[in-house]
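Working notes for the structure below.
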Amino acid sequence: LPPVHYQTYYQATLLLNYTYTLIEKFPKHEKLGLMQAIRGRTEDVVELILEAASFYSRDRNREQLLRTADIRIKMIAVLVEYAYNKRYITDKNLTAWASKLSDLDDAVVAWAMGSGKEKEKEKEKAP
């Protein structure tokens, strides 16, 4: 990964590790429901970030991949709040999880905005 995007990837893996740790505490009846939804979307975010950082996505749809990651992160936040309301996680867990989601979302949005600026510069250079 390019050094610029390593921090975003690193934050995504921290979120993934934290997610795996916390969802194991959910009730067994949520294994196929809420747990699977949160885990799947978190894994999707990591995959989208890896794909956006890939050499092959440079000329393709990096901005779209990052927008999709942003939406997935926001949906994870909704699901985490639901888990908190159902008392599957504590206040401390909610605060830590929300912080990780917010940090990652900020990094993804900043990267997406940077990608948009790169495209504008390329258009200006073209005759």
**Members of segment 42-77 that are among the basic types (Lys, Arg) and either modelled with pLDDT under 95 or surrounded by fewer than 17 Cβ atoms within 10 Å (Cβ to Cβ) (or both)** = 58, 60, 62, 67, 74
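Inspect all residues belonging to segment 3-20 and state whether any of them is open to solvent by less than 20 Å² (accessible area, probe 1.4 Å) and farther than 27 Å from residue 114 by Cα. Don't jump to the end; show me each part of the working.
The initial filter retains those residues of segment 3-20 that are open to solvent by less than 20 Å² (accessible area, probe 1.4 Å), namely 8, 12, 15, 19.
Then keep just the ones that are farther than 27 Å from residue 114 by Cα; that gives 19.
Looking for residues that are open to solvent by less than 20 Å² (accessible area, probe 1.4 Å) and farther than 27 Å from residue 114 by Cα, one finds at least one in segment 3-20, hence yes.
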**Request:** Spot the failing condition for residue 34; the list is (1) hydrophobic (A, V, I, L, M, F, W, C); (2) over 11 Å from the mean Cα position of the chain (by Cα); (3) loosely packed, with under 15 Cβ neighbours inside 10 Å, and only one is missed.
**Result:** (3)
**Message:** List the residue pairs whose Cβ atoms are under 8 Å apart, where the first residue sits in segment 61-73 and is without any contact (Cβ under 8 Å) to a residue 24 or more places away in the chain, the second is hydroxyl-bearing (Ser, Thr, Tyr), and the two are 6 or more positions apart or on different chains.
**Reply:** 65/57
**Request:** Tell me which of these residue 47 doesn't satisfy, since it passes every other one: (1) closer than 26 Å to residue 5 by Cβ; (2) touching a residue at least 24 places away in the same chain (Cβ under 8 Å); (3) not small (Gly, Ala, Ser).
**Result:** (2)
**Request:** Would you be able to say whether some residue in segment 82-94 is more than 15 Å from the chain's Cα centre (by Cα), part of a helix (DSSP H, G or I), polar (S, T, N, Q) and loosely packed, with under 13 Cβ neighbours inside 10 Å?
**Result:** yes
**Identity of the residue in segment 21-31, at pLDDT below 90 and open to solvent by less than 100 Å² (accessible area, probe 1.4 Å), that ends up farthest from residue 56 (Cα to Cα)** = 30
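The values are calculated or read from the model by the stated rules, or taken from the named source; none is laboratory data. Everything numeric here is computed off the predicted structure, so don't read it as measured data. In this analysis, Cβ positions are derived from the backbone assuming ideal geometry, glycine residues included, and neighbour counts consider all displayed protein chains. Areas reflect the complete protein model, heavy atoms only, side chains present, ligands, DNA and RNA absent. Shrake-Rupley method; radii C 1.70, N 1.55, O 1.52, S 1.80 Å.
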